[in-house]
Amino acid sequence: MKSMKGVVSKIRLLKMSKIPLVRFSLEGMNCLIAAHSLNFLADVDEGMQIVVAGEYNSRNQFVVRKYSVIGKTKIMIEFESVKK
């Protein structure tokens, strides 16, 4: 498994099903996430820095198996703004 670190951009929901498919860019590299994609949408916003682990598919897209947000997640930021 390989890992990458960078800033997220261009988050798109490609397929809405039981397990949604989400596409995003990480430092110019196209990435896909299906496992934990709903959690990803709740945790990550464009401009956030994350670390991902996964493997490349035949189309040279990075398929994410695990991710971690560096700093506060989107939910944490929203909760803090409501709390004030």
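The values are calculated or read from the model by the stated rules, or taken from the named source; none is laboratory data. These numbers were taken from a predicted model, which means no experiment stands behind them. Positions of Cβ are backbone-derived with ideal geometry, glycine not excepted, and every protein chain shown enters the neighbour counts. Calculation scope for accessible area: heavy atoms of the full protein, side chains included, ligands and nucleic acids excluded. Shrake-Rupley method; radii C 1.70, N 1.55, O 1.52, S 1.80 Å.
Observations on the model:
- A straight chain from Met4 to Arg23 at 0.36 nm per residue would run longer than the Cα-Cα distance by 5.3 nm.
- Value of [θ]222 nm, deg cm²/dmol, for the chain, DSSP H segments ≥ 4, -39500 (n - 2.57) each, nearest 500: -5500 deg cm²/dmol
- Of Leu41, Ser25, Tyr56, farthest towards positive along the dipole that unit charges on Lys, Arg, Asp, Glu beta carbons give the stretch 1-66: Tyr56
- Its relative contact order, with pairs defined as Cα atoms under 8 Å and 6+ residues apart, puts the chain at 28 percent.
- Solvent exposure of the chain, expressed per residue, is 67 Å² of accessible area, with all protein chains present and a 1.4 angstrom probe.
- Label assignment, Cα extents along the principal axes in Å derived from the structure, set (1) 55, 24, 24; (2) 61, 25, 15; (3) 47, 28, 20: (3)
- 3J(HN,Hα) from dihedral phi, the stretch 58-65, Karplus parametrisation 6.51/-1.76/1.60, rounded to Hz, x for glycine, proline: 5, 8, 6, 9, 7, 8, 7, 9
- Acute angle (nearest 10 degrees) that the helix 74-83 long axis makes with the longest principal axis of the chain, alpha-carbon atoms: 10 degrees
- Lysine pair count for the stretch 12-84 [Cα-Cα under 23 Å; pairs on different chains or 8 or more apart]: 9
- Carbon and sulfur %, accessible surface of the chain computed with the full protein complex present, 1.4 Å: 54 percent
- Placing a pseudo-label 7 Å from each Cα along the Cα-to-Cβ vector at His36 and Glu78 gives an inter-label distance of 1.9 nm.
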